[in-house]
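Participant: First the structure, then my questions, so here it is.
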Amino acid sequence: MRETAKSAPGLVRIVVATLAATTLGGCDASSGLFSEAERRSIYSLSLYDSAETRIAPGAALEPGFRLVPEFSFISGAAEAVALELSIKDAGGAERPLARYATREALPARSGLASAEEAETSFREFQRSYSVAKLAGQLEAFAVPEDLEPGMYALAYRVLGREGAELKRGTLVFFVGSPGLAIESVSLYPPQPVPAQAVLLAATLGPTGDPWLRWSYEGRVVAEGYRSRGFDKAVWRAPLAVGVYTIRLELFPSDPALLGTAYAGPSPWRQELKAIVSGEAAADEFSDASEFVSHFAFDGDCAELGTRAIETEPVLEGRAVLDMYGRGFGYRLGAATTLRAPGALPPLSSGGALRPFSILWRLGDLRSAASGDLARFVDATGTSLFRVGLDDGRPFLVWGSGDDAVLSSAPVRVGGGGTNIALDLALGFEPSGEKTRVTWTLDGVAYEVQALPLKALGGVHSLVLGGPGSLEAIYDEFALRDDSRSGPPPLYRAARARAEGRNLVFASGFEPRTLPTGLVATGEVRYGGRRCVLAPGARLALASPVSLERGMAVELAFAEGGSPPLVEITTPEGDRLATVRGAGEIATADGLCLGFLKAERGVLAFSLRLAESSLEILPHQGLPGASLPMPRVMAVGLAIRPAEDDSLELRRFLVRRAPELVTATPRPSLARFP
């Protein structure tokens, strides 16, 4: 039966690849009659299988696979009389393997004083072959079967008469374990945008600790052992849109261990195409200009920010890249601590605390989890304040010892289960001797009782993870200075993630400027997570919204205050109907058409076209009213307070509602004649 270069399942595989490493000897080899390329190829050694198929670089061979050497040289070169083969492992140990020699080579082997020593050395090789002439195909030899998985070099020497070395070369091969395999390669997000951090992840065979090399377009991204977490790596997508090839290669061990840079391919490799296109969506972490301290966790634990970083963060333990349903980051917990000396909320020149926010993006949380999410400590390790979850409820411990004050959010994280993704923010707004505290979970703000103002000067550090902490995947963390522009636009960012392309407008009125997409008339004040309209003021969407895919509207306003009036208009501004905060739907002339169920502090309704009419309905349930609209395919929206009253808005959301278009039409409760 012929031996082949194919591998049977479960067997050790040997990979052979050629490295150029030659030295030439002899006067003929250095003759000016030969070009540089010819001098390099004066003596040539090739390997074949028994079917006379040349073993190409990167070939996979069975253990004990017999290799047939073929030796050739250029006419006129010094006569070669011996070829010696040996194996070197990564530790430098060398094992003689095979020797081919003519009779002329026996009496005088290079470096041996006598023919007796030459004969002794000759017998050290596992196989020795006497040949009439060192040329053409020679007797086959086998690579030993007892080599451990790893990288090896098959070193060879070509000797001339009197022991002169004519050429030296190296053939690199790998011995792999039975489980060495790439099962799959993936990237997240699957459709990256330019300059985005992309997680590359590999699923490998269940055994062994191979060396992984990630590259794209020939450039190495990352490489290292599986046990060190290199089954995942982060690639920064290029600025230019296009299709890029990502390659993963496996090696049984570090290719550099032999002391020779090995850049050849591995037979254990897989490629995928990354399509880079589009634009990155802005979120609460996009504007780095306001961050005092920012950890993006997109391939390292480096700290960026506006503060002067005198001491780099220190990582205690091993942080492993990990992925969750909405992103990726580093898993921190009791066994892994990240310390950032000097990282503290922003202070004025006089040492007073300025308005600031702490932001987290976390993954793989468990329902009813408990533990710290961040601690700020002084030089002695005493807590200045710490933030965490207690049975799923966010908490803040302000101070330590007898002076500690506890503040908790009024809601819990998640609705049960595991692998919960959370966007959490904690805002502080100093005022007099107190500081207002606001929790924000997934974009919704909850203001709680104010806390006494404390001094936070001195030597201090931020601590993430460590003993007593809550294990989670940290995707993003930031300390943000809110003194200039107000809190970050958390509500819009959360709704953009939830609604995607269906989002028309969203604002929690956190910044101190008019949100993009609105037009204001009259006296309107913004910022601090509220928008206050004085009597006679008005807020309107800057552009009409198409009704082709339906529309959902939601407003949150201060409980106990004046409810809003929402005007539905034609694209030209003519009023069609008004929805009052108490749930009443009226025509432009004030005629009552129907009612929606009213909720405390919230007005929510939907619009959809039905035949030649416009239906106004709750998000779930029967339509509350219907207006004839034979030619209008888009409407405008405007908000104003009731007569002689002011209005305090907390949130405003408009989104397309395609679920309304596919819904079965239902009869209206009221229809305008």
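The values are calculated or read from the model by the stated rules, or taken from the named source; none is laboratory data. Worth saying up front: this structure is predicted, and the values here are computed from it rather than measured. Cβ sites come from the backbone with ideal geometry, for glycine too, and all protein chains shown count toward neighbours. Accessible surface areas use protein heavy atoms only, side chains included; no ligands, DNA or RNA. Shrake-Rupley method; radii C 1.70, N 1.55, O 1.52, S 1.80 Å.
Participant: Within the range 288-342, can you find the residues that are of a type in the set (K, R) and either open to solvent by 50 Å² or more (accessible area, probe 1.4 Å) or over 22 Å from F356 (Cα atoms) (or both)?
Facilitator: Restricting attention to the range 288-342, the residues satisfying the condition of being of a type in the set (K, R) are 307, 318, 326, 331, 339.
Of everything in the range 288-342, those that are of a type in the set (K, R) and either open to solvent by 50 Å² or more (accessible area, probe 1.4 Å) or over 22 Å from F356 (Cα atoms) (or both) turn out to be R318, R326, R331, R339.
Participant: Starting from the range 387-400, take each residue that is part of a strand (DSSP E or B) and list its partners that are of a type in the set (V, I, T) and open to solvent by 10 Å² or more (accessible area, probe 1.4 Å), counting only C-beta distances under 6 angstrom and pairs at least six apart or across chains.
Facilitator: Pairs that qualify, where the first residue is part of a strand (DSSP E or B) and the partner is of a type in the set (V, I, T) and open to solvent by 10 Å² or more (accessible area, probe 1.4 Å), are W398/V405.
Participant: Within the range 441-457, restricting attention to residues that are in contact (Cβ under 8 Å) with a residue 60 or more places away in the chain and crowded, with 19+ Cβ neighbours inside 10 Å, which residue is nearest to R326 (Cα to Cα)?
Facilitator: Checked the range 441-457; the qualifying residue nearest to R326 (Cα to Cα) is G443.
Participant: Out of the range 218-267, which residues are of a type in the set (S, T, Y), modelled with pLDDT under 90 and open to solvent by 50 Å² or more (accessible area, probe 1.4 Å)? Steps first, answer last, please.
Facilitator: Pass one, the range 218-267, residues of a type in the set (S, T, Y): 225, 227, 244-245, 253, 260, 262, 266.
Next, only the ones that are modelled with pLDDT under 90 stay: 253, 260, 262, 266.
Answer for the range 218-267, where residues must be of a type in the set (S, T, Y), modelled with pLDDT under 90 and open to solvent by 50 Å² or more (accessible area, probe 1.4 Å): just T260.
Participant: Next up: If R480 meets every condition in (1) under 25 Å from the mean Cα position of the chain (by Cα); (2) farther than 22 Å from G351 by Cα; (3) of a type in the set (D, E, K, R) apart from one, which number is that one?
Facilitator: Only one criterion is unmet by R480, namely (2).
Participant: Suppose the filter is at pLDDT below 95 and of a type outside the set (A, V, I, L, M, F, W, C); does D475 pass it?
Facilitator: Details: at pLDDT below 95: no; of a type outside the set (A, V, I, L, M, F, W, C): yes.
The answer is no for D475.
Participant: Please report, ordered by residue number, the strands (runs of 3 or more DSSP E) entirely within the range 151-235 with at least 2 residues that are among the basic types (K, R), more than 20 Å from I275 (Cβ to Cβ) and touching a residue at least 60 places away in the same chain (Cβ under 8 Å).
Facilitator: Details: elements: 165-176, 182-188, 197-204, 211-216, 219-225.
The strands (runs of 3 or more DSSP E) meeting that bar are 165-176.
Participant: Failed condition for P345, given (1) modelled with pLDDT of 95 or more; (2) over 30 Å from F230 (Cα atoms); (3) open to solvent by less than 10 Å² (accessible area, probe 1.4 Å); (4) of a type outside the set (A, V, I, L, M), with all others met?
Facilitator: Just one mismatch for P345, condition (1).
Participant: If you don't mind, there's one more thing I want to ask. Can you work out which of the residues in the range 268-283 that are modelled with pLDDT of 85 or more and of a type in the set (G, A, S) is least open to solvent (accessible area, probe 1.4 Å)?
Facilitator: If we take residues in the range 268-283 being modelled with pLDDT of 85 or more and of a type in the set (G, A, S), then A274 is least open to solvent (accessible area, probe 1.4 Å).
Participant: Being more than 14 Å from F477 (Cβ to Cβ) and crowded, with 16+ Cβ neighbours inside 10 Å is the filter here, so list the residues in the range 353-377 that pass it. Walk me through how you get there before you give the answer.
Facilitator: Within the range 353-377, the subset more than 14 Å from F477 (Cβ to Cβ) is 353-355, 364-371, 377.
Once the filter is applied, which keeps residues that are more than 14 Å from F477 (Cβ to Cβ) and crowded, with 16+ Cβ neighbours inside 10 Å, the range 353-377 yields L353, R354, P355, D364, L365, R366, A369, G371, V377.
Participant: Oh, and also: State whether one or more residues within the range 563-574 are among the aliphatic types (A, V, I, L, M) and either open to solvent by 20 Å² or more (accessible area, probe 1.4 Å) or assigned to a loop (DSSP other than H, G, I, E, B) (or both). Spell out the reasoning first.
Facilitator: Going through the range 563-574, the residues among the aliphatic types (A, V, I, L, M) turn out to be 565-566, 568.
Then keep just the ones that are either open to solvent by 20 Å² or more (accessible area, probe 1.4 Å) or assigned to a loop (DSSP other than H, G, I, E, B) (or both); that gives none.
No - not one qualifying residue is present in the range 563-574.
Participant: Further, regarding this structure: Hey, can you tell me all the residues within the range 625-673 that are at pLDDT 90 or above, part of a loop (DSSP other than H, G, I, E, B) and open to solvent by less than 40 Å² (accessible area, probe 1.4 Å)?
Facilitator: A657
Participant: Here's something else I'd like to know. Output the residue which, of all residues in the range 37-81 that are among the aromatic types (F, W, Y) and modelled with pLDDT of 85 or more, is surrounded by the fewest Cβ atoms within 10 Å (Cβ to Cβ).
Facilitator: As a first pass, look at the range 37-81 and keep what is among the aromatic types (F, W, Y): 43, 48, 65, 71, 73.
Pick out the ones that are also modelled with pLDDT of 85 or more and you get 43, 48, 71, 73.
Numbers: Y43: 25, Y48: 16, F71: 20, F73: 20.
The extreme case among them is Y48.
Participant: Pairs please, first residue from the range 493-505 and under 14 Å from G550 (Cβ atoms), second anywhere and of a type outside the set (S, T, N, Q) and open to solvent by less than 30 Å² (accessible area, probe 1.4 Å), Cβ atoms under 7 Å, 6+ apart in sequence or on different chains.
Facilitator: V504/V545; V504/V654
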